[in-house]
Amino acid sequence: MQKISRDILVEKAISMLENGDVCSVLGWRKGEFDYDITPAVFTDKDDIKNNFVWNDFCGANFSKYLVQKTRKAEGKILVFLKPCDTYSFNQLLTEHRFDREKVYAIGIPCEGMVDINKIKEITGDGISSIDCGDKITVNTIYGDKFDIDATNVLSERCINCKSKKHVAYDELIGDEGEVLESNRFDEVTKLEQMTPDERFAFWQNELSKCIRCNACRDICPACTCEKCVFDNPKSGVENKAAANSFEEKMFHIIRAFHVAGRCTDCGECSRVCPQHIPLHLLNRKFIKDIDGFYGEYQAGDEVGSRAPLVNYTTEDIEAADIFEGRDN
Amino acid sequence: MQRIGVFVCWCGSNIAGTVDVEAVSEALKREPGVVFSTNYQYMCSQAGQDIIKDAIKEHRLTGIVVCSCSPRMHEATFRKTAAAAGLNPYMVEIANIREQCSWVHKEMPIGTEKAIILGKAAVAKVNLNTPLTPGESPVTKRALVIGGGIAGIQTALDIADAGFEVDIVEKKPTIGGKMAQLDKTFPTLDCAACILTPKMVDVAQHEKIRIFSYSEVSEVKGFVGNFDVTIKKNARYVKEDLCTGCGLCTEKCPMKKCANEFNLGMDTRRAIYIPFAQAVPKVATIDPDNCNMLKNGKCGVCAKVCTAGAIDYTQKDEYIEEKYGAIVVATGFNPISMDKFDEFAYNQSKDVITSLEFERLTNAAGPTAGKLLRPSDGKHPETIVFVQCVGSRCDACAEKGKEYCSKICCMYTAKHAMLTRDKYPDTDVYVFYIDVRTPGKNFDEFYRRAVEEYGVHYIKGMVGKVSPEGDKLIVQASDLLADKQLKIEADLVVLAAAIEPDKSARSLATMLTASMDTNDFFTEAHPKLRPVESPTAGVFLSGACQGPKDIPETVSQAGAAAAKVIGLLAKDKLVGNPCVAHSNEMMCNGCSSCERVCPYGAITYEAKEFRMPDRTTLVRRIAVVNPAVCQGCGCCTVVCPSGAMDLKGFANEQIMAEVDAICK
Amino acid sequence: MQVKEYKPLIVAFCCNWCSYAGADLAGNNRLNYPADVKIIRVPCSCRVNPMFILRAFQRGADGVILCGCHPGDCHYTSGNYYTRRRMALLFSMLDYLGIERERTRVEWVSAAEGAKFAATMNDFAEKVAALGENKRLEDLRCKK
């Protein structure tokens, strides 16, 4: 359960809209299902009153929306940012992707977001309603009712939460958290310890599920290019439909490389993947390597920091030496 | 669609010996875009070039591929040939079938097969080539030298002697720099003033040189050949054109207790002052922190005594905008602060001094009129300890000092020790050193004279502690060769402080987009082959701003920098390399990645208005490459996630076409 | 039926200033290396986009090697330092996906190192040949 109540956020949003401090509010709105909470732009206070949502399903990271929204906005935009969202927010500022003056950022604490797939593992399909109280109460069309402890169904990225600290905001609601020690690289390490054949089999299995829907790219706060190389016929990698089941590998390697050093590990790619491919394991591999080769670096930690791939030292490790001490 | 001609060279038997040239030209005939293909014994010969020229005209070729030796050999030749026949020279590609094929593969079928593939790759590339024209930009025939020490002076004189105008910007009231503060110079022991001051006068009298003293560079815009520089002339409260340098004001000013920075604070000057007798320009300057008139409006003595009417208390800082074709950085060095070196008691005892202070103590124009006297009590020191490498060659992890060798200290310490023993044979002189480094003409001979003829005690080992006790300084040190601890009762301790770049260098580097190393020394365009150029085109380096240097080295580098500047200014137009980066503004994110990796500062950003399909306008930040500055490495193209940045002549599409052709 | 001898296809990206000149020197000195190696000239190793390398594999290359000036000797002062970071990360990722490490390599070859160029290519070609066809990245290829 989230510590800050929805009402506080609604009240804040309405008062800022009414005072004319902001012209619109980036918040969460219910989608088709109760667990399907989508990002939304609110400009009307009644709309906020009735439809603004803040609960354990508000995983969406709004930072990316600011790129387009601030361009069109007449005034300021109010945006609610969970701690992990603030890293993306800073990273986009570092890349000059939006005008900071056009944003009023409110940091809100986050107790972790839940993974609907884990809930479905308990309840089965046919969820008719969900209520987020102390427990998550799930009703199904079959008349079953489940009370689930949110901590048991947290999404992977929240179990391995890297920070409860907001690195950017104009105003903070609730208490400030801290950067956490997480075990987020454990799975990467596990993969690294496999034999190449096992790794190949793992990724072949995972990536062959890809339907090339581009959801991972579209949600990624680091993928804000004016024109993506995969949509550009001249780039040499443009490909709308998969020619065969495994060609996606190239897409995912290039995508991960393009965001290497800029990825804040927000985990949105894995959250939105309809095929449940653990795409974050590609990005985390780069993060782990960057930390190991060039010293710890957290993208978005501070505005203006120099990303590892636009930086170097004369003493950097040679490509030939990266596998030293590893025989698999 | 291109109309491509292929010309396969035999190179006598060099190629034809292991490559079936006939088969190659036949095979390439069938490649897309190829309308003509032939082979000839020596394509680079006049007859061969004529074949190319005729074919270009006859077959209306839009591009050519020459399968021959390395492009490093004859690319320029064939480009000229193409241009002579009216074809854009950048529509020429070379397939290297000699160095990288016929010479390294012995069997004809293998060599032929590879030559065909290399030819196909070149054809695939030419299909995507576009005519390129090198950009031209005019050159402003004037140079700016930043810093008026010996480096700046020498550079300015050399450039001006070649007939170009030069401006020197010096932040101090006079040019001369550190060399003006030195007493004698190693290894010849001629007096610094005797060799420097005539050069200062030359500068002052040179009709091509202007000096902006007491001034700083405040803004730099533009690029090679076309820099727009704003110079801030600080108010000195004295009209330079009227002041005759008579010095009367500097004698009458009642504010007598101002620390004299020229003598490193070891004596005093007035609030209105001329740094030293041979200053250039010889013009007085009012120090606003100490002048009563400027602080409280009370006094005005200097204005009263000045018969020239040069004093102007209302003078304001002045900004001058000027255009330059080239900029030379000659910002020099300073000794590091001794604040962190408590163990040497520099801040506890007046009798612990730096080597530069020692220079002033022994200089006839210094605070003691050249007599070596202790700063504390004016007594003659009988035992002097010199400590070398104070702050030089420090551990990387140490919080104080520098990792590098300051290079000049071994020699000047030998000089100090020798001169002391020469003038005062009754003094005992010790020098503590880690190593004595004397690479340079007559340097080692000089050092050996200090030891052998003058009896200076050189001791290998570092001084651990200096503690003042009564009027003595107890120096605790280790003698590494004798493996024993020493305790010396000294009267004077002289620290060879490390040298570091002047503090102003960092902000200047930012203005010039010139790069610096971790120690704030300017980096050169190439450490071996372009040592006096900065990576930023049109910006040159002179003297210790690039690394520790002694006077002869500084002067030779200053001359080299001047030669490079003259070479640039002698041109009427700069013709660029057309294979430069270019950003597609529709795709550019304005994210700054490219700017960060550009070694030349060729990329800037601008806010550009875009008309959107719905007739609204949108202002977006986009990257702009200055083709006059870009050198065409292509580093920016890879960090650009959207692929907006591409390199002309080596475009993404072209390279991928080559890859495809090879992998087919 | 005659079994066709397997010959690996190797793409070598060489920077114009050092490695390409090193390859020329290997030629001048008539130092042999397999014809399977095909060189593509780029101004600097930092011009090589990881996309080019993947493209080569996609189109059937069995090995890709990237050669540039030695660190500190880059004609453009810093290009190869960026290359070094990019390739370290890319190669590590390819390994993570289960691709054989021996299929990719970075080697610093100066204009004076013709012998090193030839030796490097001999060694690389031998290692790639030992791996056989690029089955793992074969799936990555466009099936035309």
statement: Among strands (runs of 3 or more DSSP E) entirely inside the stretch A:106-167, those with 2 or more residues being acidic (Asp, Glu) are none
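What do you reckon, is B:Ile603 surrounded by 18 or more Cβ atoms within 10 Å (Cβ to Cβ) and within 13 Å of chain A (Cβ to nearest Cβ)?
Yes, satisfied.
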- request: Quick one: count up the residues across the stretch A:247-267 that are within 9 Å of another protein chain (Cβ to nearest Cβ), among the β-branched types (Val, Ile, Thr) and within 18 Å of A:Lys162 (Cβ to Cβ).
  value: 1
message: Can you tell me which of (1) surrounded by fewer than 21 Cβ atoms within 10 Å (Cβ to Cβ); (2) within 13 Å of another protein chain (Cβ to nearest Cβ) is the one A:Ala319 doesn't meet?
response: (1)
query: Could you give every pair whose Cβ atoms fall below 9 Å, whose first residue belongs to the stretch B:329-355 and is among the aliphatic types (A, V, I, L, M), and whose second residue is exposed (fewer than 14 other Cβ atoms within 10 Å of the Cβ) and assigned to a loop (DSSP other than H, G, I, E, B), counting only separations of at least 6 or pairs across chains?
result: B:Met338/B:Asn347
task: Looking at (1) in contact with an Asp or Glu (Cβ under 7 Å, 6 or more places away or on another chain); (2) assigned by TED's automatic domain parsing to the domain that holds A:Tyr35; (3) not hydrophobic (A, V, I, L, M, F, W, C), find the lone condition where A:Arg212 falls short.
output: (2)
message: Please go through the stretch B:611-657 and give me each residue that is among the β-branched types (Val, Ile, Thr) and either part of a helix (DSSP H, G or I) or within 27 Å of the chain's Cα centre (by Cα) (or both), ordered by number.
response: B:Val624, B:Val625, B:Val629, B:Thr637, B:Val638, B:Val639, B:Ile655
Selection within the stretch B:530-569 - without any contact (Cβ under 8 Å) to a residue 12 or more places away in the chain and under 25 Å from B:Asn226 (Cα atoms): B:Arg530, B:Gly567
query: Looking at the stretch A:166-185, which of its residues are in contact with a Ser or Thr (Cβ under 8 Å, 6 or more places away or on another chain) and of a type outside the set (Phe, Trp, Tyr)?
result: A:His166, A:Val167, A:Ala168, A:Gly177, A:Glu178, A:Val179, A:Leu180
message: Tell me whether the stretch B:567-581 contains one or more residues that are within 23 Å of C:Arg84 (Cα to Cα), at pLDDT below 95 and within 14 Å of chain C (Cβ to nearest Cβ).
response: no
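Is at least one residue of the stretch B:544-551 within 21 Å of B:Phe522 (Cα to Cα), polar (S, T, N, Q) and assigned by TED's automatic domain parsing to the domain that holds B:Glu165?
yes
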- prompt: Can A:Ala73 be described as of a type in the set (Gly, Ala, Ser) and either out of contact with any Ser or Thr (no Cβ under 7 Å at 6 or more places or on another chain) or buried (at least 22 other Cβ atoms within 10 Å of the Cβ) (or both)?
  reply: no
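Being within 14 Å of chain C (Cβ to nearest Cβ), among the acidic types (Asp, Glu) and in a helix (DSSP H, G or I): is that true of B:Glu113 here?
Criteria met by B:Glu113.
What's the total number of residues in the stretch B:229-254 that are in contact with a Lys or Arg (Cβ under 6 Å, 6 or more places away or on another chain) and on the phi < 0 side of the Ramachandran plot? Break it down into steps so the answer makes sense when it comes.
The initial filter retains those residues of the stretch B:229-254 that are in contact with a Lys or Arg (Cβ under 6 Å, 6 or more places away or on another chain), namely B:235, B:245, B:250, B:253.
Pick out the ones that are also on the phi < 0 side of the Ramachandran plot and you get B:235, B:250, B:253.
Final tally of qualifying residues: 3.
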- request: For the stretch B:293-319, enumerate the residues that are touching a helix residue (DSSP H, G or I) at 6+ places or on another chain (Cβ under 6 Å) and of a type in the set (Ser, Thr, Tyr).
  value: B:Tyr313
- request: Go over the candidates B:Ser542, B:Ser515 one by one and state the one that is hydroxyl-bearing (Ser, Thr, Tyr), at pLDDT 90 or above and over 24 Å from B:Cys389 (Cα atoms).
  value: B:Ser542
task: Could you tell me which of the residues A:Ala215, A:Ala260 is buried (at least 17 other Cβ atoms within 10 Å of the Cβ), more than 20 Å from B:Gly643 (Cβ to Cβ) and out of contact with any Gly (no Cβ under 7 Å at 6 or more places or on another chain)?
output: A:Ala215
- prompt: Within the stretch B:58-115, which residues are polar (S, T, N, Q), buried (at least 24 other Cβ atoms within 10 Å of the Cβ) and closer than 28 Å to B:Pro134 by Cβ?
  reply: B:Ser68, B:Thr81, B:Asn96, B:Gln100
- request: Among the candidates B:Ala365, B:Ala396, single out the residue that is surrounded by fewer than 15 Cβ atoms within 10 Å (Cβ to Cβ), at pLDDT below 95, over 18 Å from B:Ala490 (Cβ atoms) and not assigned by TED's automatic domain parsing to the domain that holds B:Glu553.
  value: B:Ala396
statement: For the stretch A:149-178, pairs from a residue that is assigned by TED's automatic domain parsing to the domain that holds A:Ile277 and more than 15 Å from A:Gly112 (Cβ to Cβ) to a residue that is of a type in the set (Lys, Arg) and surrounded by 14 or more Cβ atoms within 10 Å (Cβ to Cβ), with Cβ under 6 Å and 6 or more apart or across chains, are none
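Please specify each residue of the stretch C:95-107 satisfying the condition of being of a type outside the set (Asp, Glu) and in contact with a strand residue (DSSP E or B) (Cβ under 6 Å, 6 or more places away or on another chain).
Scanning the stretch C:95-107 gives C:Arg103, C:Thr104, C:Arg105, C:Val106.
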Within the stretch B:180-299, helices (runs of 4 or more DSSP H) holding 2 or more residues that are surrounded by 15 or more Cβ atoms within 10 Å (Cβ to Cβ) and within 28 Å of the chain's Cα centre (by Cα): B:192-205
field: Scope the stretch B:125-147; condition crowded, with 24+ Cβ neighbours inside 10 Å and more than 18 Å from B:Arg79 (Cα to Cα); matching residues
entry: B:Ala143, B:Leu144, B:Val145, B:Ile146, B:Gly147
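Taking the stretch A:174-212 as the region of interest, how many residues are of a type in the set (Lys, Arg), surrounded by 13 or more Cβ atoms within 10 Å (Cβ to Cβ) and more than 11 Å from chain C (Cβ to nearest Cβ)?
So the count comes out to 3.
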message: Given the condition of a type in the set (Val, Ile, Thr), touching a strand residue (DSSP E or B) at 6+ places or on another chain (Cβ under 7 Å), under 27 Å from A:Lys64 (Cβ atoms) and within 14 Å of chain A (Cβ to nearest Cβ), answer yes or no: does some residue in the stretch B:584-599 qualify?
response: no
- prompt: Among the candidates B:Ile168, B:Ile159, B:Ile153, which residue alone is part of a strand (DSSP E or B), touching a residue at least 40 places away in the same chain (Cβ under 8 Å) and either closer than 25 Å to B:Val575 by Cα or of a type in the set (Val, Ile, Thr) (or both)?
  reply: B:Ile168
field: Count of the stretch A:1-20 residues which are in a helix (DSSP H, G or I) and of a type outside the set (Lys, Arg)
entry: 11
field: Selection from the stretch A:19-28 of residues that are surrounded by fewer than 17 Cβ atoms within 10 Å (Cβ to Cβ) and free of Cβ contacts under 8 Å to residues at least 60 places away in the same chain
entry: A:Asn19, A:Gly20, A:Cys23
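The values are calculated or read from the model by the stated rules, or taken from the named source; none is laboratory data. Because the structure is a prediction, the values reported are computed rather than measured. Quick reminder, even Gly has a Cβ in these numbers, built from the backbone with ideal geometry, and neighbours come from all protein chains shown.
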